[in-house]
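S.K.: Quick one: the structure is below, and I'll ask about it shortly.
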There are 2 protein chains.
Amino acid sequence: MNKLTRRDFSITLGKGLASATLLSGTSLACANTLAQKKSKLGIALVGLGSYSTHQLAPSLQVTDHCYLAGIVTGTKDKETIWKQKYNLNETSIYNYENFDSIADNPDIDIVYVVLPNSMHADFCIRAAKAGKHVICEKPMAVSVEECDAIINACKNAKVKLSVGYRMQSDPYTNEVKKYVKEKTFGEVTFVSSDAAYISRGNPEQWRLNHALSGGGALVNMGVYAIQTSIYGTGQNPIAVSAQEFSTRPDYFKDTDETITAQFEFSSGAVGHMMTSHNANGNRLKVHGDKGWFELNPAHSYGPISGITSKGNDIKFPHKRQQALQMDDFAKHILKGTVNVAPGEMGKRDMIIVEAIYKSIAEGGKKQLLNLGNMGIVS
Amino acid sequence: MNKLTRRDFSITLGKGLASATLLSGTSLACANTLAQKKSKLGIALVGLGSYSTHQLAPSLQVTDHCYLAGIVTGTKDKETIWKQKYNLNETSIYNYENFDSIADNPDIDIVYVVLPNSMHADFCIRAAKAGKHVICEKPMAVSVEECDAIINACKNAKVKLSVGYRMQSDPYTNEVKKYVKEKTFGEVTFVSSDAAYISRGNPEQWRLNHALSGGGALVNMGVYAIQTSIYGTGQNPIAVSAQEFSTRPDYFKDTDETITAQFEFSSGAVGHMMTSHNANGNRLKVHGDKGWFELNPAHSYGPISGITSKGNDIKFPHKRQQALQMDDFAKHILKGTVNVAPGEMGKRDMIIVEAIYKSIAEGGKKQLLNLGNMGIVS
């Protein structure tokens, strides 16, 4: 465990220094220069729904390199509750009308956009224009075009961008990547991934409203299965085919209910995934030619649980994934460590999402993917 | 356990008596009349390959209602070895030239055809014409047309027919059927089934020769995944789509290597399956709206192993599946109990196999299935 942590840290640090070297000189933005004087970065949460309330804000109480510095909400009551609970300055509380004035607040280094998916692009771009680093909750946006717009806005503003892929900071994910890289179970031949839950809540929730969500199970849970398929093989897929199943059209009247998809990888490995808002599934199983390993659950808030064909459990001390994630991003800004979930990763996954929807529209026809030049393979 | 066994037996007996009533009178064939005078039925194995040698013959040493009464082989050496090992009569040893004279051997009640798939139809039909009950190893044949020919031959000869689906006699399978029927984990929403192994043997083996096998992973292992998908939901699928993946065309030059398929069921449940000769997989996971259960391994020779979302193991004493299977068929003949793996089940699965190949040929296009009128739903 310690050995792994040290090695991973060295690799990370090595890559980070290389990036820092590349970025030195004129490309360092004001935001970066400012941030580098601080030991901890202030994060403002945009959108105080369940995820901010129950995951992000509590996580920000246990982070080492960042802290809750502000909120953006359209609900007056929440302003009062959050101000009191988290001892926030009056000047660090924003609403959707005065959001852009966040540019003038030096206490806020990072804006974390936790709004419905269709609002990600608008607020991420405005945050970048305000000179703030950006965390965009997953799925990154509702189209590849929007992902590009966010990436470009952050490049132009010379601010850092990451996607809210908490699993990329989880030690279980690094262990999976290590197994695959070191061929602990041989060459990966088949990967199976399920990411699904049964939605029974308010049918008017934004996740079931296409205008707000941009899609159903696929964009919500499916991106986990896409990600596990990729880090379960250590490769981006070269092709995908997909199918959609609908059995509760009254409830899922606007968004996809269940989708299965099959991936081809250049090594010859095959993947299949299932995502649903009307079935359960939370699992990654990777078969190599010398054995297998399985995470089940594979992408809940934790603790994750794993077993291998060698008979051992995969086990790490449980830490809040969101705390690890936000600390990883803060360290990336403060110390130049690697960005474990850059915007290009969110864009890649959206390319796959769009290919899956296209395959479904074309009756399951295989869609070729050209992701090799994206530089993102985990 | 005892309670379950008793109940299952009552159900079985009840159905059996109903069948016996229907069949009473003129429809009882000579073979049946003869068999009913015996307490144990004689089985002849046709084809003494690995499965007969290591599974069926040893199983026939522990069966209660049948015994090894004869062999059919093209290899002189095997005649000698088997005769000695199993104390067989010289008159109960046949080769492929004199096979049809088995009709004159009253010691042989059942002919079990364990030849390469493309030879099933020929030998099953000849066995029926010889007045013998027939067990046809899975997959039943290499086409639906051949399945029909076998079924009709047995009907015309008034002999019983079953397919070598050993899992249909395994207590784990009955437990799965019970969970589904009693909704122990709620309504089934999703079923996932893998049936695969990595083939590394002689590339000239008959399983990799399409003329002998009629197909690759799908007809060999895929039928297990088809069966588990069906008894995991308690329904026949109403549609299927499928994809084929090929990465070792040098080795799998003649037969399919890896296939994934997706099932739609009328209840709204969704299934996906994977079968391969170049990856591992041996699992059934059934998700209901109130929980889940999993068999892993799901269809090896045993012991099968299972867990449920209630935290308990699924556990039964291990018995040779092939012994249970052959005893089930013998009891069906002797006592009129239900035929747990009739020819129509093998035909149904071949209809699904053909639809899967058709979907692949049509680029993954969904194929509608009309299996509702077959009377086989397990």
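The values are calculated or read from the model by the stated rules, or taken from the named source; none is laboratory data. If you're wondering where the values come from, they're calculated on a predicted model, not measured in any experiment. With ideal geometry, Cβ positions are generated from the backbone for all residues, glycine too; neighbour counts draw on all protein chains shown. Only protein heavy atoms, including side chains, enter the accessible area calculation; ligands, DNA and RNA are left aside. Shrake-Rupley method; radii C 1.70, N 1.55, O 1.52, S 1.80 Å.
S.K.: Considering only residues that are of a type in the set (A, V, I, L, M) and buried (at least 21 other Cβ atoms within 10 Å of the Cβ), look in the stretch B:325-350 and name the one that is farthest from the chain's Cα centre (by Cα).
M.R.: Across the stretch B:325-350, the extreme among qualifying residues is B:Ile333.
S.K.: Taking the stretch B:103-123 on its own, how many of its residues are open to solvent by less than 40 Å² (accessible area, probe 1.4 Å), under 24 Å from the mean Cα position of the chain (by Cα) and not small (Gly, Ala, Ser)? Don't jump to the end; show me each part of the working.
M.R.: Filtering the stretch B:103-123 down to residues open to solvent by less than 40 Å² (accessible area, probe 1.4 Å) leaves B:105, B:108-118, B:120-121, B:123.
When the remaining residues are screened for being under 24 Å from the mean Cα position of the chain (by Cα), the result is B:108-118, B:120-121, B:123.
Of the ones still in play, those that are also not small (Gly, Ala, Ser) are B:108-117, B:120, B:123.
Matching residues across the stretch B:103-123 total 12.
S.K.: Same structure again: Only one of these conditions is not met by A:Val142: (1) in contact (Cβ under 8 Å) with a residue 40 or more places away in the chain; (2) out of contact with any Ser or Thr (no Cβ under 8 Å at 6 or more places or on another chain). Which number is it?
M.R.: (2)
S.K.: OK, next. What residue, among those in the stretch B:283-294 that are within 22 Å of the chain's Cα centre (by Cα) and surrounded by fewer than 24 Cβ atoms within 10 Å (Cβ to Cβ), is farthest from B:Ser267 (Cα to Cα)?
M.R.: Taking the stretch B:283-294 as the starting set, the residues that turn out to be within 22 Å of the chain's Cα centre (by Cα) are B:283-286, B:294.
If we keep only those that are surrounded by fewer than 24 Cβ atoms within 10 Å (Cβ to Cβ) too, we end up with B:283, B:294.
On the way: B:Arg283: 22, B:Glu294: 20 Å.
Residue satisfying both the conditions and the ranking: B:Arg283.
S.K.: Which residue is nearest to B:Asp349 (Cα to Cα), if the candidates are limited to the stretch B:196-210 and must be open to solvent by less than 50 Å² (accessible area, probe 1.4 Å) and within 14 Å of another protein chain (Cβ to nearest Cβ)?
M.R.: Within the stretch B:196-210, the match that is nearest to B:Asp349 (Cα to Cα) is B:Ala196.
S.K.: Let me ask something else. Go through the stretch A:253-282 residue by residue and tally those that are within 30 Å of A:Glu204 (Cβ to Cβ) and either surrounded by fewer than 24 Cβ atoms within 10 Å (Cβ to Cβ) or more than 7 Å from chain B (Cβ to nearest Cβ) (or both).
M.R.: Result for the stretch A:253-282: 12.
S.K.: Please determine, by comparing only the residues of the stretch B:216-238 that are within 13 Å of chain A (Cβ to nearest Cβ) and closer than 22 Å to B:His299 by Cα, which one is surrounded by the most Cβ atoms within 10 Å (Cβ to Cβ).
M.R.: Across the stretch B:216-238, the extreme among qualifying residues is B:Ala225.
S.K.: Go through (1) open to solvent by 50 Å² or more (accessible area, probe 1.4 Å); (2) in contact (Cβ under 8 Å) with a residue 60 or more places away in the chain; (3) away from chain B (no Cβ under 14 Å); (4) within 26 Å of A:Met274 (Cα to Cα) one by one and return the number of the condition A:Lys315 breaks.
M.R.: Result: A:Lys315 passes all but (2).
S.K.: Would you mind finding the one in B:Ser213, B:Ser193 that is under 21 Å from the mean Cα position of the chain (by Cα) and within 14 Å of chain A (Cβ to nearest Cβ)?
M.R.: Working: B:Ser213 fails: within 14 Å of chain A (Cβ to nearest Cβ).
Exactly one of B:Ser213, B:Ser193 is under 21 Å from the mean Cα position of the chain (by Cα) and within 14 Å of chain A (Cβ to nearest Cβ), namely B:Ser193.
S.K.: Still on this structure, I have one more. Find the residue count for the stretch B:239-250, including only residues that are modelled with pLDDT under 95, farther than 15 Å from B:Ala361 by Cα and either in contact with a Cys (Cβ under 6 Å, 6 or more places away or on another chain) or more than 8 Å from every other protein chain (Cβ to nearest Cβ) (or both).
M.R.: The number of residues fulfilling the criteria is 2.
S.K.: Among B:Ile356, B:Ile307, which is the only one that is outside any helix (DSSP H, G or I), within 13 Å of chain A (Cβ to nearest Cβ), within 28 Å of B:Glu187 (Cα to Cα) and modelled with pLDDT of 95 or more?
M.R.: B:Ile307
S.K.: For the stretch A:164-190, how many residues are within 14 Å of another protein chain (Cβ to nearest Cβ) and of a type in the set (A, V, I, L, M, F, W, C)?
M.R.: Adding up the residues that qualify gives 3.
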